[in-house]
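Colleague: This is the structure, below, for whatever I ask next.
The values are calculated or read from the model by the stated rules, or taken from the named source; none is laboratory data. Note that the coordinates shown come from a computational prediction; the quantities given were computed from them, not determined experimentally. Note that we place each Cβ from the backbone using ideal geometry, even for glycine, and neighbour counts take in every protein chain shown. Surface areas here come from the heavy atoms of the whole protein model, side chains and all, with no ligands, DNA or RNA. Shrake-Rupley method; radii C 1.70, N 1.55, O 1.52, S 1.80 Å.
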Amino acid sequence: MNDPNGLVWFDGEYHLFFQFNPHGDVWGHMSWGHAVSTDLIHWQELPLAIPEDPDYMIFSGSIVVDKDNTAGFAGPGQTALVAIYTGAAQAPRSLQNQQLAFSLDRGRTWVKYAGNPVLDIGAASFRDPKVFWHAPSARWIMVVVLSELRRARFYASSDLRHWRHLSDFGPTHDGDGIWECPDLIPLTLPAQDGAAARTVWMFKVDVFENHVAGSSGARVYFGDFDGNAFHAPAHAWQWVDWGMDFYASASWSNLPGADGDPALAAEAIWLGWLDNHVYAKELPTAPWRGQMSLPRMLSLCRTEGPVGMALVQQPVPGLRALRQPLLTQAACVIASGERLIDWPGPGEHRALDIEVELIPPPQGSCGLLLRVGRPEAGLSERTVVGYDAVRGALFLDRSASGFLPAFAPYAGRRHAPWPLPADGVVRLRLLLDSSSIELLSLDGSCWLSERIVPGAGSLGLGLWSEQGEAVLQRLQVYRLDA
Ligand code: FRU
């Protein structure tokens, strides 16, 4: 699997469709796979939803709930889910256009619209439509990218079948690789110090090259969407995740709000593909290949500095209910160097949720060693995470984390700038799975997510400090039991 697609809540279920190859475990024959959940944590995979056909593969896109039957697909008493996706012409043709399919049975079966494509400009790289209802202008808006031109285009429609071009946004940065998977999300910037709360439109796009981690990743821009065009000051942007493996994120449409679980009440929730096109096909996981990040609830916070705001992403709170305590480490000094913790290990369950509070040495670094190799193998396998007080950054180093693909920068250290809080304490959370780590500041303002593929026996855990003593204030390790 790769990108999440068609994320929508409908009739009590969160749907997750995804780019899926029904015939193999490397990219190809792209179709939409399907899974559903009621809590965004436990997922049930359903049969293939939208298969490729002899003319087109089914690339990424979104789903809307057509409550007013604007497209006319629903009969009396029915509500149609309408998928808007990119048809990518089968080789040797080189054409991408936007197409529709609809479902009248809660997403279980899909009918491709006979009038496809609904938007075709004859372009070879024109994809990943995200459609939403824009209430002030009472019409559908589509944002879609001309990938090679690194340009997002906005279109409007009253019936999902006919689309009118409104405006373009981008390119914005020299050196960006192609643009993919746009999203446009309104979020509330909270009131503060006399400044009233207001709506900020956040535009997200993934760049194939030029991401700060040295490969691909997502950027968000903070601006305004007036129903026709998106505008953002040139400096008003940030990286979504500082790791090499968070891509193609998409947000849920039709979130239930007050009709749903209050714990999941957020203005927006998204997840991303926790992987990277450069080496996805090499990572030796089985029987799956490709995985999603955990769903993240989105909000904005105010910050100092010229942008004045930042994206906050919090893991869905239901994870806490799955926690089984494995280890609580009493407060201690971490002397310069490293030491392993004597602990039972996670057993067969490799999903861990770790919270740690550290006071780093003022001129040094400190943190945790994760998935450390067996003593007889010299403990050489390890993933290092921590805080570098000199750079003012969280970091993750997977140079010795286990399997390394051919792409040399995979083995490296990624930094995420994050100023030391006023009380000097670095509070981190780590969400580990068999082959991934999502590292975040506990306040959700800074994320660094990457894949790791350690050996099966690499289950050790350690503390380390460099250039001085650190203080470990708190370390709690939980197993996450589904
Ligand atoms: C992003 C992407 C999309 C495209 C899909 C094809 O990962 O390249 O632009 O629609 O994957 O699988």
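Colleague: Protein chains only, probe 1.4 Å: how do Ile121, Ile41, Ile452 rank by accessible area, largest first?
Modeller: Ile121, Ile41, Ile452
Colleague: Measuring from a point 7 Å past the Cα of Glu469 along Cα-to-C-beta, which residues in region 425-462 have an amide N at less than 19 Å?
Modeller: Output list for this probe position: 425-426.
Colleague: Could you tell me the largest-minus-smallest coordinate of the C-alpha atoms of region 321-480 on each of the three principal axes, in descending order and whole angstroms?
Modeller: Projected onto its principal axes, the Cα set of region 321-480 covers 39, 36, 31 Å.
Colleague: Further, regarding this structure: Can you give me the long-range amide H partners of Ser249? Hydrogens built in the peptide plane at 1.01 Å from N, cutoff under 5 Å, separation of 5 or more residues or another chain.
Modeller: Hits under the 5 Å cutoff: Trp273.
Colleague: Could you give each residue of region 444-458 its phi-based ³J(HN,Hα) in whole Hz, using Karplus coefficients 6.51, -1.76, 1.60 with θ = phi - 60°, and x for Gly or Pro?
Modeller: Running phi through 6.51 cos²θ - 1.76 cosθ + 1.60 with θ = phi - 60° gives x, 8, 9, 10, 9, 10, 8, 7, 9, 10, x, x, 4, x, 8 Hz.
Colleague: Quick one: give the max-minus-min coordinate of the C-alpha atoms of the chain along each principal axis, largest first, in Å.
Modeller: If we take the Cα atoms of the chain, the spans are 68, 56, 44 Å.
Colleague: How large is ³J(HN,Hα), in whole Hz, for each residue of region 106-122 in order, when computed from phi with the Karplus curve 6.51 cos²θ - 1.76 cosθ + 1.60 and θ = phi - 60°, using x for Gly and Pro?
Modeller: With coefficients 6.51, -1.76 and 1.60, one gets 6, x, 6, 10, 10, 10, 6, 5, 5, x, 5, x, 9, 8, 9, 10, x Hz.
Colleague: Relative to the present Cα-Cα distance, how much length would full extension add between Ala265 and Ala411 at 0.36 nm per residue of separation?
Modeller: Between Ala265 and Ala411, full extension yields 48.8 nm more.
Colleague: Could you tell me the distance between the Cα centroids of region 95-141 and region 44-78, to the nearest Å?
Modeller: Between the Cα centre of region 95-141 and that of region 44-78, the gap is 9 Å.
Colleague: Give the peptides 379-390, 183-194, 135-146 in descending order of average Cβ contacts within 10 Å, highest first.
Modeller: Packing order, densest peptide first, comes out as 379-390, 135-146, 183-194.
Colleague: For Trp418, enumerate residues with amide H under 5 Å from its amide H, sequence gap 5+ or separate chain, H modeled in the peptide plane.
Modeller: Placed amide hydrogens put Ala393, Leu394 under 5 Å from Trp418.
Colleague: Another question, then. Taking Cα pairs under 8 Å and at least six residues apart, what relative contact order does the chain come out at, in percent?
Modeller: 12 percent
Colleague: Same structure again: How would you order 431-444, 93-106, 398-411 from highest to lowest mean count of nearby Cβ atoms within 10 Å?
Modeller: So the order, starting with the most tightly packed, is 431-444, 93-106, 398-411.
Colleague: Would you mind getting me the FRET efficiency between Val333 and His277? Use the beta-carbon distance for r and R0 = 45 Å, nearest 0.05.
Modeller: 0.55
Colleague: Calculate one ³J(HN,Hα) per residue across region 288-304 by plugging θ = phi - 60° into the Karplus curve 6.51 cos²θ - 1.76 cosθ + 1.60, and present them in order as whole Hz with x for glycine and proline.
Modeller: Once rounded to whole Hz, the list reads 10, 9, x, 8, 8, 6, 6, x, 10, 8, 9, 7, 10, 10, 7, 9, 7.
Colleague: Same structure, new question: Label points 7 Å out from Cα along the Cβ direction at Arg302 and Ala195: separation in nm?
Modeller: According to this spin-label approximation, the distance is 0.6 nm.
Colleague: Hey, another quick one. Considering only protein heavy atoms and a probe of 1.4 Å, how much of the accessible area of region 81-189 is carbon and sulfur, as a whole percent?
Modeller: Carbon and sulfur atoms account for 52 percent of the accessible area of region 81-189.
Colleague: In addition: Rounded to the nearest whole Å², what accessible area per residue is found for the chain with the 1.4 Å probe?
Modeller: That works out to 38 Å² for each residue.
Colleague: Per-residue counts of other Cβ atoms within 10 Å, averaged by peptide: what ranking do you get for 161-174, 284-297, 459-472, highest first?
Modeller: 459-472, 284-297, 161-174
Colleague: Can you spot the lysines whose alpha carbon is less than 29 Å from Lys281's alpha carbon? Ignore those fewer than 8 places along the same chain.
Modeller: Result set, ordered by chain and number: Lys130, Lys204.
Colleague: Another one. If the chain between Asp224 and Arg139 were fully stretched, how many nm would it gain, using 0.36 nm times the residue separation less the Cα-Cα distance?
Modeller: 28.9 nm
Colleague: Find how much the distance from Ala234 to His29 grows on full extension, using 0.36 nm per residue of separation minus their present alpha carbon separation; answer in nm with one decimal.
Modeller: 70.0 nm
Colleague: With r as the distance between the Cβ atoms of Gln44 and Ala321 and R0 = 22 Å, compute the FRET efficiency 1/(1 + (r/R0)^6) and round to 0.05.
Modeller: Given R0 = 22 Å and the Cβ-Cβ separation, E is 0.75.
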